[in-house]
Amino acid sequence: MLIARTLFVLFFTKGLPVTVYLSLLGFVTAILVGFVVGLVRFLRVPILRGLLQVYVDGMRGLPFLMVLYFLFHVLPFFDMRLTAFSTAVLALTLHTGAYISEIVRGSLLAIPKTQHESAQSLALTLRQRLQYVIIPQAVSLSLPPLAGQIVLHVKDTSVISIIALTELTRVGRIQMQTNGQPLLTYAILAVFYFALCYPVLKLSIGLEERIAKKFR
Amino acid sequence: MDYDFSFNIVLQFLPYLLLGLRNTVLIGLIGVLSATAFGVAVALARLSWFKPLSMSAAGYVAFIRATPLLVQIYFLFYGLPEFGILLPPFLVAVLALTLNSGAYAAEIIRAGIESIHKTQYEAADSLAMTYRQKMTYVILPQAFRKIFPPLVGQASYLVKDSALVSVMGTLDLTKSATTFQAITFRPLEAFLPTMMLYLFIILTLIYGSSFLDRRLRKW
């Protein structure tokens, strides 16, 4: 009965739906940020390139919790009163976006020089070179790490429960406090995350093996 | 709108900041050592020919990789007392990070050992090396080169993840900053120095890892 109740609450109330929504929304915006930042750094656009490196290193060098706390407590002082949800999406976008930009840049750099040269020998413009030759090849290379990043991203959303946003982890915690069964409640909570993340993790490993075979 | 940043308040914060730094560094050091040792054990279990052992190791790694560290921390922190095991938060923090990071370290170590080509074993065998000679002179030196740089990278993740142990009340860097923030209502003075310290530790490990990778590859 307790198990059924906990499952029901996590699944139907603000638990799972909010976590899924937050993960999807955050990841879509993070891909946009990551693509632009990664491309700009790949093209070595002067000035912007340096600024963006500071941004990427800043995000890679800070715990997600610190980014979240910083935005949550500092933004109101500068007259930016965001809801907990918007702060969470902003933090996820900035943090995951930096990691995705590294994936984008790495995949673009992995395309051999000969591809650039042969595209140039066909008199393609920079834009055409990127659009028809480089980026399509880079996309398939970037898929396995991107799938891996989705797993990290979904797991990071659990941290957001700390700033009192009601999502899966927080609903689980509240359940634990009312039913007094931490082992059972957190085991069920872990199963929810496992069900979300494990298929994507498997997909990432599978894609990576396929690419490794292609290049052997 | 305008926030007047006060260095006086930063000075007041300094003793707490240093205490937090000390604990974060301690948790990081102990965590890295125990996670590596645990990772070796899990990797060996995964490579074992004994199916139940290798499968349970694989299951363990998958479970850790697919669930959030925060849920793992809550599980240990609230779950261990159910078994009558009462540990101070500092030890629960180290335990949680060891169990979590150990699974990732195991993957790194396993990949490193598996990446050594079969021909290397055969070549060592054809020189009539004993198992011990084969391992110490041929396999492990090559595996070490592949394992060490990503392990340093994993250490950067461990330090980053250690911020989460602040939710149990462990006085690490994050906890010292949030406590000071809550008392003084001065977020910039509390968070900026803390973030600087995190950036210094974590970026050193990240860039150290890629430097080692480049160095050891040439070797």
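A short reminder: the numbers here are calculations on the coordinates, not readings from a lab. All values derive from a computational prediction rather than experimental measurement. Counting neighbours? That spans all protein chains shown, and the Cβs are built from the backbone with ideal geometry, glycine included.
Output the residue which, of all residues in the stretch A:17-30 that are crowded, with 20+ Cβ neighbours inside 10 Å and of a type outside the set (Gly, Ala, Ser), is farthest from A:LEU94 (Cα to Cα). Result: A:VAL18.
Among the numbered conditions (1) more than 18 Å from B:VAL159 (Cα to Cα); (2) within 14 Å of chain A (Cβ to nearest Cβ), the only one that B:GLN72 does not meet is (1).
Only residues that are loosely packed, with under 14 Cβ neighbours inside 10 Å and either more than 20 Å from A:LYS14 (Cβ to Cβ) or among the polar types (S, T, N, Q) (or both) were counted in the stretch A:171-201, giving 4.
Per-residue answers, yes or no, for (1) away from chain B (no Cβ under 14 Å); (2) under 11 Å from the mean Cα position of the chain (by Cα); (3) of a type outside the set (Lys, Arg):
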residue	(1), (2), (3)
A:GLN131	yes, no, yes
A:VAL139	yes, no, yes
A:GLY148	no, yes, yes
A:LYS155	no, yes, no
A:VAL159	no, no, yes
A:ILE162	no, no, yes
A:ARG170	no, no, no
A:MET176	no, no, yes
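Being in contact with an Asp or Glu (Cβ under 9 Å, 6 or more places away or on another chain) and among the polar types (S, T, N, Q) is true of A:THR19.
Can you tell me which residue is nearest to A:VAL104 (Cα to Cα) among those in the stretch A:1-16 that are among the aliphatic types (A, V, I, L, M) and surrounded by fewer than 17 Cβ atoms within 10 Å (Cβ to Cβ)? Per the stated criteria, the residue is A:LEU7.
Residues that are within 13 Å of chain B (Cβ to nearest Cβ) and either farther than 17 Å from A:VAL159 by Cα or without any contact (Cβ under 8 Å) to a residue 60 or more places away in the chain (or both): does the stretch A:107-126 have at least one? No, that holds for no residue. Inside the stretch B:177-219, residues that are touching a residue at least 24 places away in the same chain (Cβ under 8 Å), within 27 Å of B:VAL152 (Cβ to Cβ) and charged (D, E, K, R) make up a count of 2. Looking only at residues of the stretch B:165-186 that are under 14 Å from B:LEU14 (Cα atoms) and within 7 Å of chain A (Cβ to nearest Cβ), we find that the one that is farthest from the chain's Cα centre (by Cα) is B:GLN181.
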